[in-house]
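The values are calculated or read from the model by the stated rules, or taken from the named source; none is laboratory data. Note that the structure is predicted; figures quoted are calculated from it, not measured. These accessible areas exclude ligands, DNA and RNA; they are computed on the full protein's heavy atoms, side chains included. Shrake-Rupley method; radii C 1.70, N 1.55, O 1.52, S 1.80 Å.
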Amino acid sequence: TNRLFRKISVVSLLQPSPEAVAMFDDVILLSEGHVIYAGSTRNAGEYFRNLGYRQPDSMDDADYLLAVASTDRKLLATGESHSAEMLATVYEESWQHANIKAEQEKDWKDNWAVVAGSKAIPKRFMQKYQNPFSIGVWLNLRRFFTLWTRDKIFIRASVIKNVAMGLSVGFVFLNTTLDSSYFGVLFQ
């Protein structure tokens, strides 16, 4: 719809989740006012790994890209860390930048002057969601379990609490002979 109305939408996300970042086809990373990457979201991590910034196993792609775009990039550098200006220069000399520039200079497929006044919107712009429902559910479940398994203290505390509650309720109803007490155990 932005192309139809000749508008540009800029979304600035503060600490986006990996799933939110994965929903974008393309990303533009800024650092200190300089474009240090613009292109496919899927290729962004590999681009910076090739520049010598390691991605820790415990860090997802969204956090990794945020760290590289911030001054924390020096902690991820395997060699000398680049300044924001140097990263911008490296990006401007990359094939990604050349491809985007060439794509921008091409003529558009659709005659948007005609489309803007009519209801003949090209079909590819009418798709509401890029990911099907099943992939959206899978991404949310994966995010939940990733976040859940990162919190080891919570998992241990939950196990200890559940074992303690099970033992205490079990001992309360240990020597009972009433059938109704069994239902009491189930609902405790």
TODO: Mind checking which aspartates and glutamates have their Cα closer than 19 Å to the Cα of LYS74? Skip sequence neighbours fewer than 8 apart in that chain.
DONE: GLU32, GLU46, ASP57, ASP60, ASP61, ASP63, GLU85
Open item on the list: Starting from 0.36 nm per residue, how many nanometres of slack lie between ILE153 and LEU14 once their C-alpha separation is accounted for?
Closed with: 47.4 nm
Task: Segment ASN99-ASN50, extension gain: residue separation times 0.36 nm, minus the distance between their alpha carbons - done: 15.8 nm
- [ ] May I ask you to evaluate 6.51 cos²θ - 1.76 cosθ + 1.60, the Karplus curve with θ = phi - 60°, for each residue of the stretch 79-93 and list the ³J(HN,Hα) values in order in whole Hz, giving x for glycine and proline?
- [x] x, 7, 7, 8, 7, 4, 5, 5, 4, 5, 5, 4, 5, 4, 8
Open item on the list: Using protein chains only and a probe of 1.4 angstrom, how many square angstrom of TRP108 are accessible, to the nearest 10?
Closed with: 150
Open item on the list: Test of understanding: express the Cα radius of gyration of the stretch 1-100 as a ratio to 2.2 N^0.38 Å, with N the residue count.
Closed with: 1.09
